[in-house]
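Working notes, beginning with the structure itself.
Taken together, the values in this text are just the output of simple stated rules run on the coordinates, not laboratory data. Note that this is a predicted model, so its numbers are computed, not measured. FYI the Cβ positions are ideal-geometry reconstructions off the backbone, even for glycines, and counts take in every protein chain you see.
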Amino acid sequence: MPSYGSEIMGPPERDPTQRYWDPGIQTMPADALRALQEERLNRLLARVLGTPVALFTRKLRAAGITSPNDIGGLDDLHAVPLTTKQDLRDSEASAPPWGDYRFADPRAAVRLGTSTGTTGTPTITLWTRHDLWLEYESAARTWWRYGYRPGMIATHAHPAYLYGGGALLSGAYEYFGLLNIWVPPPDTDEAAEVGLRFWTRVKPDIPFMGFSTGRFFEVASKLGIDPLDAGLEFKGLPGFGLGKGMPLMTAGAECYAYVGGACGQSPGAHLCEDWAIVQAVDPATDRDVPDGEWGNLVVTTLDRDNGLLRYDLEEACAVMREPCPCGETSARALWGGRFSDLMSAQGKRFQVSEIESALRLVPDVCEPSVEWQLLRPRDPSARLDIRVERGSGASNDDELVAKRCAEAIAGALGVDAIVTVLDRETIPRSGYKATRVVEP
Ligand SMILES: [Zn+2]
């Protein structure tokens, strides 16, 4: 007789003092890890050709690959053509609704999410129970590194419903053993207040709100709520500010949400190499760039029910393989931003986020949050046209505030900007990712 109700919904308990979440994998010797990747890659190729998964089979055949053994190992992977988001979009459009790139029957999946991209119809991501488990285990490695332990209270404000990210994060927190408080994204002041008021009742130990953190600080200040009473603190995650670029924490929900996490001892994020091959690729040659140099972030997922083969996220990535003093043996990667966010002006190239980092150096525009927009430059030689809201406690002299902002931007990016100082709450707010670049 099966005994119903005794199934375990979470991972086996760990000793809270142990150093790694999954020591067997996280300290596996590099050559054994590589052998595991090659074995799983071979299995992935066999599934593509054997199922067959039409989109990837077409790509392999076009490159003359008709057997998994045509790819001898990781060194041959460059022969496999890249796949982009647009390929997935086209595939779903020509064979709606799922497209012809799925490895598993969509009805074998238990969760669905759509992408948040602003261009084109959102693509659909599917997770089976196994795919969710793999994401949860990957996330758990990172949270353990950060010092999170089961029994803590975590909160977040990720969007819900068709956007799969919120459910994925909630599920991963619960799997890990955290008490998960999911509040609405602060799209309006009223929505933000729901979260803030609740946190004054149940204060989270882990208040990470990602993109929407600034919004909560702003609404807390309007309502007269002390952010500390709501557990809101900028604690900063480990590994930021080490080296140029951010640790590569995610390859997108559609590919690998929790692909890596930083240990804080070396630049970059330790990658879950047992479940992914992460490459920094030169798009001109399809080959890996040398370690430490920027290329296109290309991910091949391993051991999933729904996989992606050589998926080019069109974002910048650098891979580093020098041993890390933390004892983990995986490669690490840095994330350098989306190419669609890469701007060019006055002969300089920079990420949109670098403007915000520069503005953060000007206290007049920082409290309680930095709110700004850039008019998309039409003339590459013209000065940048930036609007920024006055912060609380700012100098009354708007001209002086504008000058300070322009100096900060010139100092950080080496480009000239015309800065206009606006009243508070002139720029539209968003509960998730604010629109920073607007069409003139
Ligand atoms: Zn490390």
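Distance from the C-alpha centroid of the range 245-319 to that of the range 193-243: 29 Å, rounded to the whole angstrom.
Report the local net charge at E39: Lys and Arg +1, Asp and Glu -1, summed over other residues whose C-beta lies under 14 Å from its C-beta.
Details: positive: R34, R40, R43, R47; negative: D31, E38, E273, D274, D303.
Residues near E39 contribute -1 overall.
For the chain, the antiparallel share of DSSP beta bridges with both residues in that region comes to about 70%.
Charging the Cβ of each Asp and Glu at -1 and of each Lys and Arg at +1, and nothing else, the dipole of the range 115-180 about its Cα centre rounds to 160 debye.
Which of the helices in the chain, when you take each full DSSP H run, stretch at least 15 Å along the axis at their Cα atoms and have an average Kyte-Doolittle score of -1.0 or higher? Both cut-offs are met by 30-50, 165-176, 189-201, 213-223, 398-413. Among beta bridges identified by DSSP and lying wholly in the range 346-438, the antiparallel ones come to about 35 percent. Working from Cα pairs under 8 Å separated by at least six residues, relative contact order for the range 317-386 is 23 percent.
Please state the charge dipole magnitude for the chain, taken about the Cα centre, from unit charges on C-beta atoms (+1 on K and R, -1 on D and E), reported in debye and rounded to the nearest 20.
On the way: 45 positive and 60 negative charges, 62 e Å.
It comes to approximately 300 debye.
Please label the shape of the range 111-238 as rounded, prolate or oblate, based on the square roots a ≥ b ≥ c of the eigenvalues of the alpha-carbon gyration tensor (a/c under 1.5 means rounded; beyond that, a/b larger than b/c means prolate, else oblate). Oblate is the answer for the range 111-238, as a/c is 1.5 or above yet b/c matches or exceeds a/b. With contacts taken as Cα pairs under 8 Å at a separation of at least 6 residues, the chain carries a relative contact order of 13 percent.
Trypsin sites (Lys or Arg not before Pro) within the range 1-84: which are DSSP loop residues with at most 15 other Cβ atoms inside 10 Å?
Working: sites: R14, R19, R34, R40, R43, R47, R58, K59, R61; in loops: R14, R19.
The qualifying sites are R19.
Just to confirm the filter: which trypsin sites (Lys or Arg not before Pro) across the range 369-440 are DSSP coil and have at most 11 other Cβ within 10 angstrom of their Cβ? Walk me through the numbers before you get to the answer.
Working: sites: R378, R383, R387, R390, K403, R404, R424, R429, K433, R436; in loops: R378, R383, R390, R424, R429, K433, R436.
Those satisfying the criteria are R378.
Would you mind classifying the range 279-347 by shape? Square roots of the alpha carbon gyration tensor eigenvalues, ordered a ≥ b ≥ c; an a/c under 1.5 is rounded, otherwise it is prolate if a/b is larger than b/c and oblate if not. Provide the component values of the computation, followed by the final result.
Details: a/c = 1.99, a/b = 1.26, b/c = 1.59.
Cα axes put the range 279-347 in the oblate bin.
Mean residue ellipticity at 222 nm, helices only, the chain: -8500 deg cm²/dmol; runs of at least 4 DSSP H residues each add -39,500 (n - 2.57), and the sum is divided by the number of residues.
Let a ≥ b ≥ c be the square roots of the eigenvalues of the Cα gyration tensor of the range 346-438; is it rounded (a/c under 1.5), or, if not, prolate (a/b larger than b/c) or oblate? Show your work: numbers first, answer last.
Values: a/c = 1.73, a/b = 1.27, b/c = 1.36.
Because a/c hits 1.5 or more and a/b fails to exceed b/c, the range 346-438 counts as oblate.
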